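Below is one structure, written out as structure tokens, with a few remarks after it.
Just so it is clear, none of the values below were taken in a lab; they were calculated from the coordinates. Just so it is clear, the structure is predicted and the values come from calculations on it, not from any experiment. Neighbour counts are summed over all protein chains in view; Cβ atoms, including those assigned to glycine, are modelled from backbone coordinates with ideal geometry.
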Amino acid sequence: MTRAARINPSILAADFVNLERDLHRIANADLVHVDVMDNHFVPNLTFGPQMVERIQAVSDIPLDVHLMIEDPDRWAPGYAELGAYSVTFHAEAAADPVALARRLREIGARAGIALKPGTAVEPYLELLAEFDQVLVMTVEPGFGGQSFIPDVMPKLDALHAARARTGLDVWLQVDGGVDRSTITIAAEHGADTFVAGSAVFRAPDIAIEIDALRELATAHIH
Ligand code: DX5
Ligand code: ZN
């Protein structure tokens with residue numbers, strides 16, 4: 001099955017006091033990746049529902065919310081209720097990932113589950129039907145600007161094989177250290193949805209970078 005790559009710039013690398021300006025700069029993106037961090041699940045703090053609500057109000061592009069928070073069972077549905085297109089929570093933090101994913105879908109959001117680099121994918125392969133997206137972290141969550149960890153590629157291979165076997169239309173996302181060189185590696189291992197923070201926002205021309213990343217990934221996707 002041929003898929004067009006999705007490029008989701010991470011506004012973690014944007015200028016927080018000029019966020020509306022930066023949202024306009026990524027107008028050719030597929031989704032806007034919004035990293036919510038609570039200083040507990042990860043040692044960093046970003047923003048919460050009030051900010052996400054404002055971003056949602058000014059963004060023409062649908063939001064891809066990545067929750068790096070404790071107790072997503074309690075907090076994730078609120079982000080779906082704000083109208084986020086996609087809400088991804090961490091497997092390591094959720095008490096009942098299947099019940100939470102069902103709740104998110106019921107509210108009308110796509111349900112995503114994220115795996116830290118050290119988290120095994122096997123338990124989730126048989127649960128693929130419960131999720132619209134699996135996020136394979138290619139760095140330890142918490143900060144932008146880190147290096148892509150190629151060691152997690154076997155997890156993408158396993159997900160890619162399970163997707164082919166089941167015929168499910170689940171998106172396979174990578175997040176962390178994605179740039180023009182690493183995006184092709186992830187695409188070859190089955191990823192179709194790519195989060196990029198530094199690579200996009202530090203580029204001399206943001207719109208050109210988004211299109212270049214999409215083109216590169218699409219050429220390597222399978
Ligand atoms: C890291 C975040 C990422 C981050 C990626 O915890 O989940 O979305 O913004 O940043 P880069 O692309 O700079 O690695
Ligand atoms: Zn993220």
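Between residue 7 and 30, 31, 194, the built amide H atoms are under 5 Å apart, and every one of these is 5 or more places off in sequence or on another chain.
Close amide H partners of residue 135, meaning residues 5 or more places away or on another chain with modelled amide H under 5 Å apart, are 113, 114, 115, 173. Each residue of the range 160-171 was assigned a 3J(HN,Hα) from its phi angle through the Karplus curve 6.51 cos²θ - 1.76 cosθ + 1.60 (θ = phi - 60°); the sequence is 4, 5, 5, 5, 5, 5, 8, x, 6, 9, 9, 7 Hz, with glycine and proline shown as x. Here the range 115-186 is treated as a sphere whose radius is the Kirkwood value from Cα pairs; by Stokes-Einstein at 37 °C and 0.692 mPa s it diffuses with a coefficient of 261 µm²/s. Note that the chain shows a convex hull volume over its alpha carbon atoms of 106 Å³ per residue. Rounded to the nearest 20, the Cβ-based charge dipole of the chain about its Cα centre (Lys and Arg +1, Asp and Glu -1) stands at 260 debye.
Rounded to 0.05, the FRET efficiency of the residue 73 and residue 143 pair, given R0 = 30 Å and the Cβ-Cβ distance, is 0.75. Near residue 92, the amide H atoms lying under 5 Å from its own belong to 116; only residues 5 or more places off or on other chains count, and H is placed 1.01 Å from N.
Computed from backbone phi with θ = phi - 60° and the Karplus coefficients 6.51, -1.76 and 1.60, the 3J(HN,Hα) list for the range 82-90 is 6, x, 4, 5, 9, 10, 10, 10, 8 Hz; x is used for glycine and proline.
If you take all other residues with their beta carbon under 10 Å from the beta carbon of residue 205, and give Lys and Arg +1 and Asp and Glu -1, the sum is -1.
Convex hull volume of the Cα atoms of the range 29-150, normalised per residue: 110 Å³. The antiparallel fraction among DSSP beta bridges confined to the chain stands at about 5%. Here the Karplus relation 6.51 cos²θ - 1.76 cosθ + 1.60, evaluated at θ = phi - 60°, turns the backbone of the range 178-191 into coupling constants of 7, 9, 4, 8, 6, 4, 6, 4, 4, 5, 5, 8, x, 5 Hz, with x for every Gly and Pro.
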